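In what follows, a single structure is set out as structure tokens and then discussed.
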Amino acid sequence: MQDGSYLSIPACMHNELAQPELLHTVDLPFTKAQYHVCTDQQWMMHFDHFFPKTVENDKCQNFGRCTYYINYMALTHVITKASLTRTRCALRDQFNQLVWVPYTQSDHMWSTGKMNGSQWKVLPHGASGGGPVITINPACQRELITLRMFDWPKEGKEEGKEE
């Protein structure tokens, strides 16, 4: 693991394990995390950060290194407003199936600073604040949120080969 990374997926296994399906489970792939269950309005605000309503919003976001975002912005420049509305509706249906997403802010996707307020929970339990800031889909408010630790390859073994 790199210094400062909270991701529990070994770097050599990112391509294999860091898949969209991770967003469909209550088991967060981090060694430490802060989370809260958001309201329906907050969930839609996060959707709007990930998929802005208007092309002008692309300058307000700092998601420019994300392939999905680059592709989305390119699409917004070549389709009509009506097509963008239909596209966002389809994306929103998919987004609403997610269990969690990063707690987006208007200028960045991943926050790790300590969050204050009684609505925030920290994992592992009893840890001090800090770690990725995650928002939970309000449809999953009764779910038990946990951390998921991935097995690290044993030293001396080549990846994918058994002894």
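The values are calculated or read from the model by the stated rules, or taken from the named source; none is laboratory data. Treat the numbers as computed from the prediction; the structure is a model and nothing was measured. Here the Cβ positions follow ideal geometry from the backbone for every residue, glycine too, while neighbour counts run over all protein chains shown.
Quick notes
- Single condition D27 does not satisfy, out of (1) modelled with pLDDT under 95; (2) under 15 Å from the mean Cα position of the chain (by Cα): (1)
- Per the listing M109, M73, the residue uniquely among the aliphatic types (A, V, I, L, M), more than 16 Å from the chain's Cα centre (by Cα) and surrounded by 14 or more Cβ atoms within 10 Å (Cβ to Cβ) is M73.
- Given (1) part of a helix (DSSP H, G or I); (2) modelled with pLDDT of 85 or more, index of the condition N57 fails: (2)
- Looking only at region 9-30, and only at residues there that are in contact with a Ser or Thr (Cβ under 9 Å, 6 or more places away or on another chain) and part of a loop (DSSP other than H, G, I, E, B), the one that is nearest to G129 (Cα to Cα): P29
- Of the residues in region 94-109, none is among the acidic types (D, E) and not in a loop (DSSP other than H, G, I, E, B).
- For region 83-101, filtering for residues that are loosely packed, with under 14 Cβ neighbours inside 10 Å, closer than 18 Å to A139 by Cα and polar (S, T, N, Q) leaves 2.
- Test: residue in region 116-135 that is surrounded by 13 or more Cβ atoms within 10 Å (Cβ to Cβ) and without any contact (Cβ under 8 Å) to a residue 24 or more places away in the chain: no
- Condition met for D40 (touching a residue at least 60 places away in the same chain (Cβ under 8 Å) and surrounded by 15 or more Cβ atoms within 10 Å (Cβ to Cβ)): no
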